[in-house]
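Read the structure below first, then the notes.
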Amino acid sequence: VLPEPQGATGPKVVWRDAESAEDEGRWVADDVLRLIDRGANPATIAVLSNDKETRLLMRECLEKRGVPTSWYESGSNNALVDLDHPSVKVLTIASAKGLEFPVVFVPAVTEHLFPSKDNDSERADKARRLLYTAMTRAGRQLFVSATRSEQSQLWSELELTFLEGG
């Protein structure tokens, strides 16, 4: 995803901060529905998080709105992602490695899951690489979100011209 300020015609990364995890889940579900209503195939949309609670919440919010989902976890029996199945893929970041989806949602980019600093910098560096991996799975549109009170400070490292606030 290369934003317009860099000479490309691609959209900016959409960043949203929600009041709560439930609000974040509803926002993701609303945006997914909006994309599907505009003709997007659910199979082209992925929701990526290494946090199981976040993935469960996102799947629940999507299914409440009638959006079909497929659940994938690395190391499980269903780790092989069926890219043709007409459903939104809810996966771990590791499960998405090597794949690209036209639309990617990365919810819960919180300081707890993506720490910006720590005592030895190892955990923060790993979080930075993990977020990079998640973000680079997007071929056309990237949506990133967190709860307002817990958002990761890694966002302060990104150039603001690449972001579109929501």
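The values are calculated or read from the model by the stated rules, or taken from the named source; none is laboratory data. Small disclaimer: the values here were computed from a predicted structure and weren't measured. Every residue, glycine among them, receives a Cβ derived from its backbone with ideal geometry; neighbour counts consider all protein chains shown. Only protein heavy atoms, including side chains, enter the accessible area calculation; ligands, DNA and RNA are left aside. Shrake-Rupley method; radii C 1.70, N 1.55, O 1.52, S 1.80 Å.
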Given just the C-alpha atoms of region 5-133, how large is their convex hull per residue in cubic angstrom?
137
Between residue 80 and residue 60, what's the calculated FRET efficiency when r is the beta-carbon distance and R0 is 22 Å? Round to 0.05.
0.40
Might you work out the accessible area of residue 135 for me, using a 1.4 Å probe with all protein chains in place, and round it to the nearest 10 Å²?
40
Any of 89/117; 64/117; 89/126 with alpha carbons more than 26 Å apart? Name them for me.
89/117; 64/117
